[in-house]
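Down below is the structure, laid out as structure tokens.
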Amino acid sequence: MKKNFKYAIFILVTFVTMMCAVVTVGAFNKNKTSVSVPENVKTVNLNGSVMVTWENSSNADGYVVYRQEKNVKKVVGKVTNGNRKIYIDKSVVSGGKYNYTVSAYKKNAQSVESKYSRNIYLSVPKITSFTVARGGMVINWDEVKGAESYTVYRSNGRKNEVIANLNAGNCTYKDTGVLQGEKYRYAVVANNTGYKSGYQCKTSPVYVAAPKLKSTVNGNGYISVSWYPVFKADKYKVYRKVDNSQWSCIGTFSGENTTIQDKNVVNGKVYTYTVRTVDGNNFSGFDGNGIDGKYVDVPKNIKVYNSNNCLSVNWASVENATKYAVYRKDNKNANWKYLGETTTTTFADKNVQNGEEYTYTVRARGENGGFSWFLAGTKLMALKAPALTLNCTPDSVMLSWSEMETATEYYLYRKAEGAKNWTCIRIIKGTDTPYFADKNVSAGKTYTYTIKQVRGNVSGSYNAKGYATKYYAAPTVDSKLSPNGILLIWNKAPVGTGYEIDRMTESNKKWIKFATVNGISTVKYTDSKATYGEMNYYRIRVTGSNLVSYSTSVYGIDPNKPAVALTYDDGPYTPVTNRILDVLEKYDSRATFFVVGSRVNTYADCIKREAALGCEIANHTYNHKILTSANNDVIRSEIQRTNDAVKKITGKAPTIVRAPGGSVNARVKSVVGYPLVNWSVDTLDWKNSGGVVSIVKNNVRDGSIVLMHDLYGSTASATEVLVPWLVSEGYQLVTVTELMELKGIYMEAGEFYTQAY
Ligand code: ZN
């Protein structure tokens, strides 16, 4: 190889220089012969011998070489050729201290001995082996007797250098100045007080650098072992040991790899890894300490669910795990965020926002000190529990809750007294009004409710304790007009300490508490401050309980202002009735329509509109029968059929009757079963259309009941004049029932009324 050849030249040059380092010390001999004394005697140590050289100027025939060891001098050799001024003394022992002298002879003359050359013979340190170690090339040699120190030389073919001076006793040296993929020639020289041994060069194997180990990371079912790359590495061999075993190779990998996965791992074990570089047939050393991989299984089967306004995470336990670390990411934080550690296999994340999606994963800490890898995570939307409010109404427990914009449904659950499990009592769409009346209740029993929202297939949290109430029927409340204001009457509450009265008006749709009643025995209240000219709504709340009445409504009419009841008989008849309703609506006024039952279905739209405007729909018999001429059964039937027909449309049956023709006698009164109402002002509109307005203007007064018929266009026209005129005169246009209440006249069945003054 070219490299070796170059190296050989270097060695030659080097050692010629070394050979000059001889010591020549000698005693001066004054012998005068015909042959001169050899001069400049020098010795140099060779491999296994000492070379003695000298000079002589007298063409000697030969030379005698003497060697003195300790006090004994002897001839060690003769040279019989005068031109040959060199002698190789092979009978030397390493560590031996020798003085050499030379004498020349010619014929029978012999010179005296030369000055002596002192020498200590040192045998050549023999390089016995090389070891490619981690981080260097180790050179080993045999000990040399008599050596005080060693000098180690290295050549890479371009440059040679002393790389170490070592005291005797060291017969090994690790050369750390070596490069991956290179081989070198080494020589070791033994030294003693300036005397040096010969040398013998030896070529090392190629130096293969050992990889520096980087890390181990637990994966899902494997340990990733990583190391730093070695320049131009062919391959790597990875070794493993476990439980103080010997290293065993787990695989050979191409030089492009610096990470491998060891899948043959068991939860809780500690594995130690090391890596060697392979370069052709040469192997690097390795890190004997290795690097530990503490394998811990990944926690699996991560489940997330909504619970108690938290997202609860649970997972399958990992054997011998000491703790679990829980991580989260969400739409705002794409990176895993550490949430905390737990020794159990559940974790409740309280810091969640309704409607946000969160992804969770878990890592296990093992008894072996390792930390597992983690799964990709499990995602769920946080769905918090709506706040539930319970009120007892006259016939139900009313559930109401805070609306959640994330809900597609609400699931309502109930537990009856003593029951252990929740029963779903209702599923309500997220878009529906958030109320539910549970009518399946009995007084004095306790019911517990809870609610959750559901979005698609995600089930929300619910309050596990629930919301409990003992059911009592709340009072029902009725409202009437009275001469002092609006009179509220309710039935006594079964529990509580008193009542709060709330009012809401049409224009301000907000419940406002305006009165308090102390003690539950008082069950009446007159609201003298109602809002006149619009609808007033009332409800009663029982203090010291969650009982609340249904609401009742009544039109606010000022008892201190005059009021008149316009009444229309024989309808409905759309072309006329609608014109009358138009003007009533325009002036926020109401009238009473005594309808003929047989017409009700035909003109159902009129009936509905009358009711919607707050007008009173009253009974004028089914077939407009003159009741004084009808038998009792017919009377009852005529009244009942009309009431049924109206109730079917408006939900409310008429409470007053006007007999056709106004014909009433004692028998009719006793059979009809309702208050009978006639009039105080007869407009005669059926025969005297032109006089209607003037009749009313001339006869009306506070408390009048005016008779008209919604069959004639002329009556509609008269109404269009009368309504604005009456309003401008300060009259409140009210229904018959309202007028009577306002004036404090409480109508009774079978009694006959014509006016309210
Ligand atoms: Zn009539």
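The table that follows gives values for the structure above.
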{"quantity": "Residues located in the range 359-388, provided they are free of Cβ contacts under 8 Å to residues at least 60 places away in the same chain and within 30 Å of Asn546 (Cβ to Cβ)", "calculated": "Ala387"}
{"quantity": "Complete set of residues in the range 623-640 that are within 14 Å of the ligand (Cβ to nearest atom) and of a type in the set (A, V, I, L, M, F, W, C)", "calculated": "Ile626, Leu627"}
{"quantity": "Count - residues of the range 549-573 that are under 30 Å from Thr389 (Cα atoms) and within 16 Å of the ligand (Cβ to nearest atom)", "calculated": "0"}
{"quantity": "Lys73 being part of a strand (DSSP E or B) and closer than 12 Å to Ala104 by Cα", "calculated": "no"}
{"quantity": "Ser545 over 26 Å from Val700 (Cα atoms) and buried (at least 23 other Cβ atoms within 10 Å of the Cβ)", "calculated": "no"}
{"quantity": "Members of the range 314-331 that are crowded, with 17+ Cβ neighbours inside 10 Å and outside any strand (DSSP E or B)", "calculated": "Trp315, Val318"}
{"quantity": "Filter result (closer than 19 Å to Gly369 by Cβ and of a type in the set (D, E, K, R)) within the range 211-257", "calculated": "Lys214, Arg240, Lys241, Asp243"}
{"quantity": "Extreme residue, farthest from the ligand (Cβ to nearest atom), among residues of the range 641-650 that are over 22 Å from Leu707 (Cα atoms) and of a type in the set (A, V, I, L, M)", "calculated": "Ile649"}
{"quantity": "Filter result (of a type in the set (A, V, I, L, M, F, W, C) and either modelled with pLDDT under 95 or part of a loop (DSSP other than H, G, I, E, B) (or both)) within the range 645-655", "calculated": "Ala653"}
{"quantity": "Residue list for the range 408-446, filter: surrounded by 11 or more Cβ atoms within 10 Å (Cβ to Cβ), under 19 Å from Asn354 (Cβ atoms) and among the β-branched types (Val, Ile, Thr)", "calculated": "Thr408, Ile428"}
{"quantity": "Long-range neighbours under 8 Å by Cβ, at least six apart or interchain, first residue in the same structural domain as Thr101 (by TED's automatic domain parsing) and without any contact (Cβ under 8 Å) to a residue 12 or more places away in the chain within the range 58-83, second crowded, with 17+ Cβ neighbours inside 10 Å and aliphatic (A, V, I, L, M)", "calculated": "Val75/Val64; Val75/Val65"}
{"quantity": "Verdict on Asn546 being more than 14 Å from the ligand (Cβ to nearest atom) and in contact (Cβ under 8 Å) with a residue 60 or more places away in the chain", "calculated": "yes"}
{"quantity": "Residue within the range 332-343 that is in contact with a Gly (Cβ under 7 Å, 6 or more places away or on another chain) and either buried (at least 16 other Cβ atoms within 10 Å of the Cβ) or assigned to a strand (DSSP E or B) (or both) present", "calculated": "no"}
{"quantity": "Glu610 crowded, with 22+ Cβ neighbours inside 10 Å, within 13 Å of the ligand (Cβ to nearest atom) and assigned to a helix (DSSP H, G or I)", "calculated": "no"}
{"quantity": "Criterion violated by Gly690 - all others in (1) in a helix (DSSP H, G or I); (2) modelled with pLDDT of 95 or more satisfied", "calculated": "(2)"}
{"quantity": "Spans of strands (runs of 3 or more DSSP E) in the range 511-604 with at least 3 residues modelled with pLDDT of 95 or more and hydroxyl-bearing (Ser, Thr, Tyr)", "calculated": "535-543"}
{"quantity": "Considering residues of the range 584-605 that are more than 16 Å from the ligand (Cβ to nearest atom) and closer than 17 Å to Tyr622 by Cβ only, the residue surrounded by the most Cβ atoms within 10 Å (Cβ to Cβ)", "calculated": "Ala604"}
{"quantity": "Residue within the range 613-622 that is touching a residue at least 60 places away in the same chain (Cβ under 8 Å), within 15 Å of the ligand (Cβ to nearest atom) and within 28 Å of Tyr757 (Cβ to Cβ) present", "calculated": "yes"}
{"quantity": "Residues that are buried (at least 22 other Cβ atoms within 10 Å of the Cβ), within 13 Å of the ligand (Cβ to nearest atom) and part of a loop (DSSP other than H, G, I, E, B), drawn from the range 656-677", "calculated": "Arg658, Ala659"}
{"quantity": "Count - residues of the range 681-692 that are of a type in the set (Ser, Thr, Tyr) and either buried (at least 20 other Cβ atoms within 10 Å of the Cβ) or farther than 20 Å from Val721 by Cα (or both)", "calculated": "1"}
{"quantity": "Any hit, the range 519-534, residues being loosely packed, with under 14 Cβ neighbours inside 10 Å, within 25 Å of Leu613 (Cα to Cα) and either in contact with a Leu (Cβ under 8 Å, 6 or more places away or on another chain) or among the polar types (S, T, N, Q) (or both)", "calculated": "yes"}
{"quantity": "Ala653 being within 16 Å of the ligand (Cβ to nearest atom), free of Cβ contacts under 8 Å to residues at least 40 places away in the same chain and either among the basic types (Lys, Arg) or not assigned by TED's automatic domain parsing to the domain that holds Cys392 (or both)", "calculated": "no"}
{"quantity": "Residue check for Ser103: part of a strand (DSSP E or B) and closer than 30 Å to Pro38 by Cα", "calculated": "yes"}
{"quantity": "Enumerated strands (runs of 3 or more DSSP E) restricted to the range 237-296, each holding at least 3 residues that are closer than 28 Å to Ile139 by Cα", "calculated": "248-254, 270-279"}
{"quantity": "Number of the exception - Val576 against (1) within 16 Å of the ligand (Cβ to nearest atom); (2) of a type in the set (Val, Ile, Thr); (3) not assigned by TED's automatic domain parsing to the domain that holds Met708", "calculated": "(3)"}
{"quantity": "Number of the exception - Gly418 against (1) more than 31 Å from the chain's Cα centre (by Cα); (2) on the phi < 0 side of the Ramachandran plot", "calculated": "(2)"}
{"quantity": "Residue check for Leu388: of a type in the set (A, V, I, L, M, F, W, C) and either in contact with a helix residue (DSSP H, G or I) (Cβ under 6 Å, 6 or more places away or on another chain) or more than 30 Å from Gly268 (Cβ to Cβ) (or both)", "calculated": "yes"}
{"quantity": "Among (1) part of a loop (DSSP other than H, G, I, E, B); (2) touching a residue at least 40 places away in the same chain (Cβ under 8 Å) - the single one Asn45 does not satisfy", "calculated": "(1)"}
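For every residue, the table says whether it meets (1) at pLDDT below 95; (2) surrounded by fewer than 17 Cβ atoms within 10 Å (Cβ to Cβ).
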site	(1), (2)
Ile11	yes, no
Cys20	yes, yes
Asn29	yes, yes
Lys42	no, no
Asn45	no, no
Ser49	no, no
Asn59	yes, yes
Gly82	yes, no
Ser94	no, no
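The values are calculated or read from the model by the stated rules, or taken from the named source; none is laboratory data. Model, not experiment: these values are computed from the prediction. Using ideal geometry, Cβ is built from the backbone for each residue, glycine included, and neighbour counts are taken over all protein chains shown.
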